[in-house]
1. Give the residues of region 81-93 that are more than 10 Å from the ligand (Cβ to nearest atom) and modelled with pLDDT under 90, sorted by residue number.
2. So Ser142 passes all but one of these: (1) in contact with a helix residue (DSSP H, G or I) (Cβ under 8 Å, 6 or more places away or on another chain); (2) surrounded by 14 or more Cβ atoms within 10 Å (Cβ to Cβ). Which condition number does it fail?
3. Looking at this structure, is Leu265 assigned by TED's automatic domain parsing to the domain that holds Pro176, at pLDDT 95 or above, buried (at least 23 other Cβ atoms within 10 Å of the Cβ) and more than 18 Å from the chain's Cα centre (by Cα)?
4. Could you check region 346-371 and list, in sequence order, the residues that are surrounded by fewer than 18 Cβ atoms within 10 Å (Cβ to Cβ) and on the phi > 0 side of the Ramachandran plot?
5. Considering only strands (runs of 3 or more DSSP E) fully contained in region 416-472, which possess at least 1 residues that are among the acidic types (Asp, Glu)?
6. Among Lys122, Lys132, Lys113, which is the only one that is modelled with pLDDT of 80 or more, more than 8 Å from the ligand (Cβ to nearest atom) and out of contact with any strand residue (DSSP E or B) (no Cβ under 6 Å at 6 or more places or on another chain)?
7. Out of everything in region 156-178 that is closer than 30 Å to Asn75 by Cα and surrounded by fewer than 23 Cβ atoms within 10 Å (Cβ to Cβ), what residue ends up being nearest to the ligand (Cβ to nearest atom)?
8. (1) at pLDDT below 80; (2) under 25 Å from the mean Cα position of the chain (by Cα); (3) part of a helix (DSSP H, G or I); (4) surrounded by 13 or more Cβ atoms within 10 Å (Cβ to Cβ): which one isn't true of Ile97, the others all being true?
Amino acid sequence: MNRLFCLALTLLITTCLLHGQNRIGTGGALKLYEQHCASCHGKELEGGLGGPLVGDNWDYAKDYDGMAEYIAKGNPEMGMPGFGETISAPDIRSLVIFIREMNAKAEAAEQAKAESHNGVFKTEVESFRVEKVVGGLSIPWSVAFMPDGQLLIAERGGDLRFAKDGKLAKPVKGTPEVWAHGQGGLLEVALHPDYKENGWIYLGFSEKGDEQQGGRGEGITKIVRGKIKNNRWTDEEVIFEVPPKFHNGAGVHFGTRFVFQDGYLYFSIGDRGRQNMAQDITRPNGKIHRIYDDGRIPKDNPFYNEPDAYQSIWTYGNRNPQGLDTHPVTGDIWEAEHGPRGGDEINLIKKGINYGWPVITYGMNYNGTPITDKTHAPGMEQPVLYWVPSIAVCGIDFYDGDKFPNWKNNLFAGGLASKELHRLVIEDDKITKDEIVLKGLGRVRDVASGPDGYLYLVLNGPDEIVRLEPVK
Ligand code: HEC
């Protein structure tokens with residue numbers, strides 16, 4: 001080829017890449033993406049339940065063909081559905097192109113996002129500024145407040161770290177090994193309500209079982225308590241663990257949030273990707289549990305005397321409860337349940353109740369196929385609130401501080417894919433308002449009302465902890 005021809009060809013290809021592909025890429029592909037992928041990978045492809053599809057950092061989808069094949073086959077055990085049966089091969093191809101286009105646009109979007117950090121957010125009844133408390137984290141999942149003002153942060157990979165004045169300490173040595181797999185890992189840290197007297201710190205994590213399943217690990221929620229001396233984890237006691245026969249290899253739906261109340265520890269375990277097991281009271285997954293805070297099982301638990309029942313069960317039919325907190329006035333336990341597509345729920349948790357998953361739900365499968373047409377059934381509880389589309393609800397917290405008087409006792413719920421913070425007003429056990437007070441800062445993994453009266457958010461992407469401070 002002569003040089004001129006070469007140049008002309010290059011120009012032609014470049015022009016095609018910049019403009020021509022829009023004919024295939026946007027419109028149809030955008031709709032397909034919004035319909036099938038955005039619920040997990042985020043509207044801007046920035047990630048949510050699934051990883052980010054921007055940033056050109058691929059684990060599986062190394063090239064165009066590799067990506068198309070991966071999308072068709074999926075990796076169901078890790079939470080990526082296969083779309084080969086629901087989306088035609090040409091449409092999958094245009095999705096791949098769309099993803100590549102969005103990679104190019106992502107950089108500009110990053111800059112736009114950063115700007116909202118410094119602004120004042122005016123909402124219905126309070127105005128606030130968002131201040132970064134500590135950054136440089138690796139997928140933080142939970143935060144606890146030490147009496148001396150330090151934060152204690154759990155990172156999904158297994159590290160537990162103190163932070164003070166924006167500085168992050170080295171990980172606490174000797175914490176338990178966790179099964180950091182998909183959504184599993186170190187998921188919860190909390191101080192015992194009498195921490196000042198007894199020094200107990202509780203950790204919830206995905207335990208790696210001894211047995212292997214086809215060469216993969218397998219895991220489920222385990223709870224230990226221990227103390228920290230000289231940045232070392234000591235005096236560990238096992239509070240809750242599940243026999244190996246109930247472990248499974250899926251990388252999804254671990255739940256694992258705590259509430260302490262009146263000497264009890266309530267906690268959640270997701271359905272572990274085995275949805276029908278949520279209805280089976282002989283199994284621990286898909287449930288809220290109640291034990292004493294030393295690990296003993298209360299004899300007045302609802303299924304304690306049922307043959308073969310898992311005795312710590314408090315409620316069942318729960319999909320993936322990633323938020324749990326006590327109402328500061330009524331003392332009731334409220335739960336956020338990460339639902340299927342279009343089925344996120346807020347529930348009021350009551351002894352022995354069946355919350356219906358997967359027999360009833362407002363959602364459908366992520367690949368667009370139905371789960372059921374039933375939203376109600378006798379003997380199954382309705383959610384207090386459900387979101388269509390889903391916000392990918394995660395951590396929740398009742399605000400009980402003094403810095404935002406007009407938010408007192410409101411329930412705050414974080415969204416992952418939606419990157420939203422919702423303020424829910426509750427009157428007589430009904431949600432009378434759902435206000436989005438913040439959007440677009442990052443995926444909101446957890447919300448925590450600090451002892452200093454500020455409202456703290458655990459963000460993923462950027463992996464940092466921020467707090468809302470009032471502006472008068
Ligand atoms: C139910 C949630 C969910 C939905 C819906 C979903 N994905 Fe995924 N996706 C995931 C998860 C989780 C992973 C990571 C899986 C793993 O670790 O093996 C993933 C991985 C991927 C990857 C590989 C990324 C890499 O690093 O190589 C691509 C590409 C991808 N998804 C594209 C899509 C497309 C396109 C759609 C829509 C047609 C889609 N996904 C819908 C959850 C989802």
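1. Matches in region 81-93: Ser88, Ala89, Pro90, Arg93.
2. Failing condition for Ser142: (1).
3. Judged against the criteria, Leu265 is a match.
4. Gly352, Gly368 - these are the residues of region 346-371 that are surrounded by fewer than 18 Cβ atoms within 10 Å (Cβ to Cβ) and on the phi > 0 side of the Ramachandran plot.
5. 420-427, 430-439, 443-449, 464-470
6. Values: Lys132 fails: out of contact with any strand residue (DSSP E or B) (no Cβ under 6 Å at 6 or more places or on another chain); Lys113 fails: modelled with pLDDT of 80 or more.
Criteria check complete, one pass: Lys122.
7. To start, the set of residues in region 156-178 that are closer than 30 Å to Asn75 by Cα comprises 156-160, 176-178.
Now restrict to residues that are surrounded by fewer than 23 Cβ atoms within 10 Å (Cβ to Cβ): 157-159, 176-177.
Values: Gly157: 14, Gly158: 17, Asp159: 20, Pro176: 23, Glu177: 20 Å.
Per the stated criteria, the residue is Gly157.
8. (2)
The values are calculated or read from the model by the stated rules, or taken from the named source; none is laboratory data. This one's a predicted model, so the numbers in the text were calculated from it and none came from an experiment. Glycine gets a Cβ as well: all are built from the backbone with ideal geometry, and neighbour counts include every protein chain shown.
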